[in-house]
Structures are given as C-alpha cells and as structure tokens.
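Heads up: the structure comes next, in structure tokens.
Since every read-out is calculated from the coordinates, none of them should be taken as a lab result. Being a predicted model, the structure only gives us computed values, none of them experimental. A quick note on method: Cβ atoms are made from the backbone with ideal geometry, for glycine too, and the neighbour counts reach across all protein chains shown.
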C-alpha cells in the first residue's frame, strides 16, 4: 500500500498540453477515480503515474519517494488496460505468472500464487486456455488477476469495464469494488463513465482540459459542483442552467418536482410554473421536457420524475412545481466558478 | 408506336446496357485470365520442360531426344563438383538466412523507434532492394577487387596490412564464401526488415506497455513477448529468404562465377554453367531440380508452423 502524489505535473505533446499542472494525492488504500470526457488528460495522467509516459515537468511520488526517473517495473504498480493487453500467445496461467517471473519470484512460489489469484477471480478452470478462447468478462478477470498477483503497492486501471456489455459491467463494477476493499490497495481508476465513477470511487477527481476541476467524494462532486463544467458533466440528464446578467443558476432535473411532493418540507422552497411540452417514459423514470415562464424567458428545462410518483402529466398543460432553495447552485457566468447564492427570481 | 414494339425496344435497350460487366461468372474468368496465362506460359511450361529434360538426354547441340530415367540424377550425385555445390548451397543459404534474421530483427526494432532522420535511415536501408541486383553486385565487385579494393586501401592506410599481405576477398576459398554471403545478406536485408517492421507494428502498444509494467527487462520482453508475436511473419520471411538463397545465382555469378576451384559453386550456378554454358540441358535440369522436393517440403512445413503460431 502506498500514497500516490503528483505535484504540478504537466505533459505537453508538441504544441498542445495534455495535462496542465495537476496536484493530486491519494489516501492510503483509497479508490480514486479520474473522471472526464475523452481528451481531458486522465489517461495521460495515469500513464505518467505508471511510468509509461514521461512528464514534461513536475514530480510524481509513490509511497513518499520521487519516482520521476524510475521505469514502470521499479514503481511497484500494476495496471489493467482497456484492451486488457493479455499476451495472446500465452495461456491464462502463463499470463498470470509472467509478472512474477519477470520480477524474479522464486520458481517454487509461482504456481501457488497463480492459483491464489485465479481462485480470487474465479478463473481456475480457465488456466490452460489461451486468451482468444475467453469471453470479454473472462479476459477482464484474467487481466485483473495478472495485475493483482504480484500484490502491488498501487493499482492503476484504465477504463477496464468499457469493453464489457452493459449487464456484465454492473456485475463487474460490484466485484471490482469488493476486491479493492478486501485487498485495500490504493487504486487509481480512469473512466469517462460517471455511473462507474459515482459507484466505485471513494473520491472522484473530475478533469477537463488537462486540469482537475474538482476533487471530492461522489456525493459532494454531484451535489456541490465546483463549477459549471463539473455540474454539467455529472448527471444524466445534465443540470438545467439559467443565465441572468452575470449569474448562472442551475438545478438538477430530479430536484424540480411537483409542489405536492414537498408538502411539509421545512427548507425554504421556490415555486414555479412548469409548462410541459413532452413526456418520455423510460420505465424507472419519466423525463419531462418543458419550459418556465416569467423571469426565465421560456428557458428549456428537463425534469426527471421517478415512476413511483403517480402523477398524471400531460403535454401542453402547466403545473406548479417547486424546488428547495439549497438545491439551486449559482455560478459566475464568465468564469463558470461557483459563487454565493444570488437568487434572481422572487421567492414564492 | 404500338405498345408491343415499345416493349421490344425497351428490352433491347436493357440487353445492350447489361454487358459483360454484369455477368459476374464471365467477368471473373476474364479478369483471372491474365494471371492464369502468365503462370501457365512462364512458370508451368518451363517447369514441365525442365522436368522432362531432367529425365532425358537432350543437349544444345543435337536434336536427339531419349528418355533416360534417373540417369542424370545418378551421374550428378557421383560428380564431386555437384556434392561440393550442394554443400555450398546449404552453407550459403543457412548462414546468410541466420544473419539476415538476426540483423533484420535488430534493424526493424531500431527503425520502430522514433528518432531524427529516421526517414533517411529507412531510405538507406531500402536502397539495396531498389537498385538493380546486378548493378549493386558489380559495385561490390569493385569494393572486393584485390588491387583497387576500398577495403584493402583503407586497411593498408591505417596500417593493418603491409604491401602484398592484404586479403584477396574473392580469390581465397573461405574469404570468397564469406564475401558472397555478405553481399547476399546486404541484398536481402531490406526485404526482411520491411516484412518484420510490418509484423512489429501489428503488435498493439498495450501489449508492450503491459510487459513494461509487469517488469520485463529488454531480453525477456524481446524473446518472450515480441518474438513469439511476430513468429508467423518471421517464418514467412525465413521461407522466402531460404528459397531465394537456394534458387538465386546473380550474386555468385557476378562476383566469383563459382570460383575459386568451385569453392563458392552452388546448385543454381552449377546448373547454369552445365546446362546453358556447357550445353548439357538434361544434366543442368537435373541439378536445378535436385532441391525442388526439399524446398517444397520446407515451404509447406514453414507455412504450417506459421499458421499454427498465429495467435490473434
């Protein structure tokens, strides 16, 4: 186990800058997720921590030791790739044994360790197969076993679930977290999928354009976004935004609900008329597309109603909706940064 | 115009439009024809003739033609020059291919890396392949020439050899073999390098990254990851190289003509000298065909191996 730390780390590729001064420190045994859209620098950051890419400037520390000039093999890390990168000419057992052999483990210890790792991931019956004879889920487990078998200090994962189909992904997510909790190995996990990030991470670092925009536990990143990028990137459908003068106000689609739902709620509310244009029934939820009037100048709003809310909503009609004041977030319109609440509409 | 005439006219127009290009079976045969004609006329026919000649008594000078069975093969085996040429062929082919494989792998690995002036180095390496073979070999003839050799001149000016002690590259038995092998390696290296470069670039970067993370040092990485993954292509390159080394004669023909004293005589040159220069077509054909079954069997084995070791 070890703490990973980056200090003002930068990476330039020619004229473009992929990672632009990232300061990040994991906690001992933490599951840290790097989340961001493609091209935000999250994979480059991970590859620099792994030693596969050399940073243009800044320091990387693993377990308190500066590892800038150490090759990957000296960093006591393991990595799982999006493609799994299994060695296609080796059997599963040989794949798992490879890092042990490469690091000079005692010959007598190798079979026992391979078995231990295979047991943990439930792939013992696959040991004699070649990677091409495995399904996607099985390959992913082999990749995890190969990474875990050497008991690394740090575990790096680069979108390891994105090649699995949706059903398998949910299961794999659950298992992955269980393994991580059991081994308590510091883990850095790269993904562009906010559901994975929310579900897995102890903390999430939301990245955009080479910078960490916010670092915090999933709930905090979701409910207290530091800027409009984080607010807009997390959540599906995304946050509704309204611009007025120099202020952007935003609220999440699931917080704007029919007034009756908030009956008996102590916190101050904002009541607004919601004009419904269209309703999408998605099974577990209903997405209601509509707009507000008055000060909002017909701005479009998406509302997410749980299907447990039995309420008849018709396109073309207007309903009284409400939202808690605390659920409306305010941002500086030019910089996008969170500001103090500046309500620009009347309180109901 | 009556409707019947109109229909007939339209049908004729349609027939005119659907020409040979619409008849896939006929079009296919048509497009294959040049290749088939080429193979039959320029490969099949001479090959059959050679087979026929090798069991006959045909010569350049007479019109007599009699089937003599394996007589030509028997007399070839009894000829010490033939045995010498057979041995030389094997030495020439095996040593040159071993060198080509090692050097081509090294070169391909080096050329895969990014460095300044990479395009220039690639161009230099490809040059021997682009230049006409005989022209390149004549260049080497000058380089290895006993009196005007640049190698000897250089060695003498830096004081390694005194006058009259320098090596005669193409005239001393062992040196002559080493020289023809060197030139042959020089000539085949570009092709082998390009083939291997193709093989190397087909390995996903992730595999190399995984090996680096897993702690493989250079040798383990090379021999346990890279080489096994390019093995199919290595074997194909080896097969082409071996066949080339056994059947080609230009380098030896230009440099030594098989000399000195048949020390660099190989089957291809011996067949040429016997059949064309010596006029004994039957004996020449027998010599040329001698290694055919061995090469064919070798090619089949190598292709099988290549397919079995295909992994992705």
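For the stretch A:244-330, the Cα-based Rg and Dmax, in that order, read 12.8, 39 Å. The simple Förster model, with R0 at 25 Å and r as the Cβ-Cβ distance, assigns residue B:276 and residue B:66 a FRET efficiency of 0.75. For the stretch A:194-270, a/c is not less than 1.5, where a ≥ b ≥ c are the root eigenvalues of the C-alpha gyration tensor, and a/b does not top b/c. That puts it in the oblate class. With the simple model of a label 7 Å out from the Cα in the direction of the Cβ, residue A:106 to residue B:294 spans 5.2 nm. The mean sequence distance of close C-alpha pairs (under 8 Å, at least 6 residues apart), as a share of the length of chain A, puts its relative contact order at 17 percent.
What's the FRET efficiency of residue B:83 with residue B:43 using the Cβ-Cβ distance as r and R₀ = 30 Å, to the nearest 0.05? The formula returns an efficiency of 0.55 here.
Between residue A:23 and residue B:33, the simple spin-label model (points 7 angstrom out along Cα→Cβ) gives 7.9 nm.
Taking 22 Å as R0, compute the FRET efficiency from the Cβ-Cβ separation of residue A:325 and residue A:246 and round it to 0.05.
Details: r = 20 Å, r/R0 = 0.91.
My answer for the efficiency is 0.65.
Bridges between two residues of the protein assembly as shown, per DSSP, are antiparallel at a rate of about 75%.
Could you tell me whether chain B comes out rounded, prolate or oblate from its Cα gyration tensor? Rule is a ≥ b ≥ c as square roots of the eigenvalues, rounded for a/c under 1.5, then prolate if a/b exceeds b/c, otherwise oblate. Taking the square roots of the gyration eigenvalues as a ≥ b ≥ c, chain B is oblate.
Result for chain B in a Gaussian network model with C-alpha springs under 10 Å: among B:129, B:169, B:119, the largest mean-square fluctuation is at B:119. To the nearest ten degrees, helix A:110-120 and the longest principal axis of the Cα atoms of chain A are 20 degrees apart. Taking chain B as a Gaussian network of alpha-carbon nodes connected by springs under 10 Å, the highest mean-square fluctuation of the residues B:295, B:126, B:27 belongs to B:27. Its relative contact order, with pairs defined as Cα atoms under 8 Å and 6+ residues apart, puts the stretch A:219-331 at 32 percent.
If you find the alpha carbon centre of the stretch A:215-292 and of the stretch A:118-159, how far apart are they in angstrom? Cα centres, the stretch A:215-292 to the stretch A:118-159: 41 Å.
Between residue A:339 and residue A:38, what is 0.36 nm times their sequence separation minus the Cα-Cα distance? Round to one decimal in nm.
105.6 nm
The gain in end-to-end length when the residue B:201 to residue B:174 segment is fully stretched comes to 5.8 nm, 0.36 nm per residue minus the alpha carbon separation. Would you mind checking the stretch B:201-226 for residues with the amide N under 17 Å from a putative spin-label position 7 Å along Cα→C-beta of residue B:309? Within reach of a label on residue B:309, which here means backbone N under 17 Å from a point 7 Å along Cα→Cβ, the stretch B:201-226 contributes B:201-203, B:220-226.
To the nearest 10 degrees, how steep is helix A:166-183 against the longest Cα principal axis of chain A, on a 0 to 90 scale? Taking Cα atoms only, the helix is inclined about 60 degrees.
Under the definition of Cα pairs under 8 Å and six or more residues apart, what whole-number percent is the relative contact order of chain B?
Values: 324 pairs, mean separation 84.9, N = 312.
Over chain B, the number comes to 27 percent.
For chain A, the longest principal axis of the alpha carbon atoms and the long axis of helix A:136-148 meet at an angle near 60°. Determine which residues of the stretch B:82-123 fall in the zone a paramagnetic label at residue A:56 would reach in this model, i.e. backbone nitrogen under 14 Å from the point 7 Å along Cα→Cβ. Under cut-off, by backbone N: nothing.
Potential lengthening of the chain between residue A:195 and residue A:266 amounts to 22.5 nm, from the contour at 0.36 nm per residue minus the alpha-carbon distance. The separation of the stretch B:199-275 from the stretch B:97-131, counted between C-alpha centres, amounts to 13 Å. Label zone of residue B:75 (point 7 Å out along Cα→Cβ, amide N under 15 Å): in the stretch B:30-58 this covers B:53-58. Remark: the Cα gyration tensor places the stretch A:20-125 in the prolate category, a/c being 1.5 or greater and a/b exceeding b/c. Working note: 222 nm ellipticity from helices only, DSSP H runs with n ≥ 4, each -39,500 (n - 2.57), summed and divided by the residues of the protein assembly as shown, gives -14000 deg cm²/dmol to the nearest 500. DSSP beta bridges fully contained in chain A are about 75 percent antiparallel.
Extending 7 Å from Cα along the Cβ direction at residue A:16 and again at residue B:147 yields two label points whose distance is 6.5 nm.
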